[in-house]
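Heads up, the thing below is written out as structure tokens.
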Amino acid sequence: MDSKLFSGIGLNIDPGILFIILFILILILLIAFLMQSFKYGELRASYEAFMKGRNAATLEEEIEQLFDDIARLKVGAEKNRNDINKIIMNLRETYQRVGIVKYDAFKEMGGKLSFSIALLDDNASGFILNSVHSSDGCYVYTKEIVEGECQITLGDEEKKALMLALEGDSITFD
């Protein structure tokens, strides 16, 4: 079948073939349209489920509330960080290093009732408490420690207690 229209513009195409091509193209477009409609329906259903009971204004309020909550959490975290730093600074001044040495001051006394205890802070400053137990009584005295050193001569047990405190060990029995 010849078409005067196609022949007039210099094309020798059978109009039946052209109709078949156009019909196939319409079918492809119809299938693509149906697929897009199906995907749009799924997207619309998801959106409606998400927005159920909400409108744009309440959703905006909820987002603003979340930002406010985050800001409050940041302020709280910063306060906690500052409080922890203060606690750490205070702990440096507490007696946290301890060294104890129990010993017999006099060989005739048994039971290791005498002791030397060194209590030091983070700067290795503090004191040594020495308790000497004898048959006459118990005598207690202290010696100041500044940065790991004592201005007064230390006995063997006091030196050992100081070394234990400086090294981080704690108790020994001689």
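The values are calculated or read from the model by the stated rules, or taken from the named source; none is laboratory data. Since this is a predicted model, take the numbers as computed values, not measurements. Positions of Cβ are generated from backbone atoms using ideal geometry, with glycine treated the same way; all protein chains shown enter the neighbour counts.
Answer yes if at least one residue in the stretch 122-137 is β-branched (V, I, T) and out of contact with any helix residue (DSSP H, G or I) (no Cβ under 9 Å at 6 or more places or on another chain), and no otherwise.
yes
Taking E93 and the conditions (1) in a helix (DSSP H, G or I); (2) surrounded by fewer than 12 Cβ atoms within 10 Å (Cβ to Cβ), which numbered condition does it fall short on, given that it satisfies the others?
With respect to (1) in a helix (DSSP H, G or I); (2) surrounded by fewer than 12 Cβ atoms within 10 Å (Cβ to Cβ), E93 is out only on (1).
A quick yes/no check of all residues on (1) outside the structural domain of L162 (by TED's automatic domain parsing); (2) loosely packed, with under 11 Cβ neighbours inside 10 Å; (3) free of Cβ contacts under 8 Å to residues at least 24 places away in the same chain; (4) closer than 21 Å to I145 by Cβ:
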residue	(1), (2), (3), (4)
N85	yes, yes, yes, no
K102	no, no, no, yes
K107	no, yes, yes, no
G111	no, yes, yes, no
S116	no, no, no, yes
L119	no, no, no, yes
D122	no, no, no, yes
G126	no, no, no, yes
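Can you name the residue in the stretch 103-120 that is modelled with pLDDT of 90 or more and not small (G, A, S) and, of all such residues, is farthest from the chain's Cα centre (by Cα)?
Out of the qualifying residues, it is F115.
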